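Contents: one structure, followed by commentary.
The values are calculated or read from the model by the stated rules, or taken from the named source; none is laboratory data. Keep in mind that what you see is a predicted model, and the values were worked out from it rather than measured. Every residue, glycine as well, gets a Cβ built from its backbone with ideal geometry; the counts of neighbours run over all protein chains shown. The protein model used for the area step is the full one, side chains on, heavy atoms only, and it has no ligands, DNA or RNA in it. Shrake-Rupley method; radii C 1.70, N 1.55, O 1.52, S 1.80 Å.
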Amino acid sequence: NNKTLFGMKRFAIQHPKTRGFMNEWYYHKFLEYNNLISLRYKFLKIIVNGDTFPIFALEENFDKRLLENNNKKDGLIFRINFNLNDPIQFQQTNKEIQSNEFLIAQSEIVKKNLKLFFDKKLLASDVFDIPRLSKFYAIKDLWGNRHAGQLKNMRFYYNQLTSLIEPIGYDQQSVYPTQLLGLFGNNISINNSNNNL
């Protein structure tokens, strides 16, 4: 009946270890600090069928309330997958999209632009918000774990005001020393043809 919990209608409740205990909370706070789309993520005590669990994690899911909380206009949230027959998987249902003329138009733009990008007919800067995407990947490197930056794990938002696609931070899990990525530490050299930086 249009009720929410902490302003959320879609969310997951899970053991804190699922997303690396405090790591995910810090990650979303850092995304928010850097003006990137972040999920609401909090810890709370829950009771299920009379059993009390002293601490569980509440993680926001993808819908218009997530966008509103990040001061974004309602729009498409989607993922890009490796299925060539259906490379874009929208978070909104087909029924939701087909009942809204703006979402229909946005879905056509997203499909067309991504196809042109993958066909090398559009530049990344014509399709993606490069400053936000760059900041997103810099944060991934700072956190030392590229899990959430892998295409299969990413979510995106089509910003109708800029006509560009923005990343949505999600599922960071662990924090690792940046040395493991070869970005920092001893014997790191720039412009070395043998180095994969």
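Of all DSSP beta bridges located in the chain, what percent are antiparallel, nearest 5? Write down the numbers at each step before the final one.
Numbers: 22 of 24 bridges.
Of those bridges, close to 90 percent are antiparallel.
Which whole number of Å³ per residue matches the convex hull of the alpha-carbon atoms in segment 1-117? List each step's numbers first, then the result.
On the way: hull volume 18.9 nm³, N = 117.
Given the Cα convex hull of segment 1-117, per-residue volume reads 162 Å³.
Straight-line reach from LYS9: which lysines fall under 22 Å, measuring Cα to Cα and dropping same-chain residues less than 8 apart?
LYS29, LYS42, LYS45, LYS64, LYS72, LYS73, LYS95
Tell me which aspartates and glutamates have Cα within less than 15 Å of LYS115's Cα, excluding those fewer than 8 residues away on the same chain?
Reachable aspartates and glutamates: ASP86, ASP126.
Order of 160-171, 108-119 by packing, highest average Cβ count within 10 Å first? Could you put the intermediate results ahead of the total?
Working: 160-171: 18.5, 108-119: 14.6.
Going by the mean number of other Cβ atoms within 10 Å, highest first, we get 160-171, 108-119.
Go ahead and run the numbers for FRET between PHE102 and HIS15, Cβ-Cβ distance against an R0 of 30 Å, rounding to 0.05.
0.20
Per residue, how many Å² of accessible area does the chain show with a 1.4 Å probe?
Numbers: 12160 Å² over 197 residues.
Using a 1.4 Å probe on heavy atoms only, each residue of the chain averages 62 Å².
Please compute, for the alpha-carbon atoms of the chain, the extent along each of the three principal axes and give them in descending order in Å.
61, 46, 30
Where does segment 76-142 land on the Kirkwood hydrodynamic radius, alpha-carbon pairs, in angstrom? Before the final figure, lay out the partial values.
Working: mean 1/r = 0.0748 Å⁻¹.
After inverting the pairwise mean of 1/r, the radius is 13.4 Å.
Report, in debye and to the nearest 20, how large the dipole of the chain comes out about its Cα centre when Lys and Arg carry +1 and Asp and Glu carry -1 on their Cβ. Spell out each step's value before the answer.
On the way: 26 positive and 18 negative charges, 27 e Å.
In debye, rounded to 20, the chain gives about 140.
Rounded, prolate or oblate: which fits segment 120-161, taking a ≥ b ≥ c as square roots of the Cα gyration tensor eigenvalues, rounded meaning a/c under 1.5, else prolate when a/b beats b/c?
Details: a/c = 1.89, a/b = 1.82, b/c = 1.04.
Prolate.
Please work out the C-alpha center-to-center distance from segment 120-156 to segment 33-66 and express it in whole Å.
That distance is 24 Å.
How much of the accessible area of the chain, in percent, comes from carbon and sulfur atoms when a 1.4 Å probe is used? Display every interim value, and only then the final one.
On the way: 6320 of 12160 Å².
The C+S portion of the solvent-accessible surface of the chain is 52 percent.
Taking the Cβ-Cβ separation of ASN69 and VAL48 as r and a Förster radius of 22 Å, what is the calculated FRET efficiency to the nearest 0.05?
Working: r = 26 Å, r/R0 = 1.19.
Working from the Cβ atoms, E equals 0.25.
Compute the distance in nm between two label points, each set 7 Å from the Cα along the Cα-to-Cβ direction, one at ILE55 and one at TYR137.
Output for this residue pair reads 3.5 nm.
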